[in-house]
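Chemist: Would you mind keeping the following structure in view while I ask a few things?
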Amino acid sequence: MSKFGQISQPELVTIRIPWRCPMSPSVHPEMPSGVVLCIDHNQETLECERSFLESFGYTVLTASSGGRGLELASSHSVDVVVLGYRMPAMNAQEVAIAMRRLRPEAPIILLTEGAGVSDRTLSLVDALIAKDRLASQLLPTIAHLQGCGWTPPPSFDA
């Protein structure tokens, strides 16, 4: 028995402390923000990208297919496109070609799980990120493409 009375089972107490990431735009206002369109058939990847990018002040649109991504790009202003490589129906190359026609000024970042990306597909995108490096490379890549004098590549009409 302690001086506070009878000892009982410890209680689990959850304390929520607001966490501010040291790289958030409010701390670093020079970081670009804008609208990022994420296209991937994997819903978990899309939710991860949305949560991560929104925590840094980006507006995020998500599409689980290339066709839906192109619909969103045609009806919304888009600053950056994050595109999954392996998708059913419309593949990344087809989406990139159509996106270049629709939003030629928007840089495209291709997410891949490994090697095997064709040279043609690589020629259509501005950056390549391995999915296992997404957390460490996505923000710097977006910031670089938005803020370092990026100019769109030539038109890719197939």
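Values quoted throughout were computed directly from the atomic coordinates according to the rules given, and no laboratory measurement underlies them. From a predicted model like this one, the values you see are computed outputs, not experimental measurements. Neighbour counts run over all protein chains shown; Cβ positions are idealised from the backbone, glycine included.
Chemist: From the mean inverse distance of alpha carbon pairs (Kirkwood) and the Cα radius of gyration, derive Rg over Rh for region 35-147.
Modeler: Working: Rg = 12.4 Å, Rh = 13.6 Å.
Ratio of gyration radius to Kirkwood radius for region 35-147: 0.91.
Chemist: What nm value, rounded to one decimal, do you get for the distance between R68 and S51 when each label is placed 7 Å out toward the C-beta?
Modeler: 1.8
Chemist: State to the nearest 20 debye the size of the charge dipole of region 35-147 about its Cα centre, where the only charges are +1 on K and R beta carbons and -1 on D and E beta carbons. All intermediate terms of the calculation are to be shown ahead of the outcome.
Modeler: Working: 9 positive and 13 negative charges, 47 e Å.
Dipole about the Cα centre, nearest 20: 220 debye.
Chemist: How do I97, I142 line up, fewest other C-beta atoms within 10 Å first?
Modeler: Neighbour counts put them in this order, fewest first: I97, I142.
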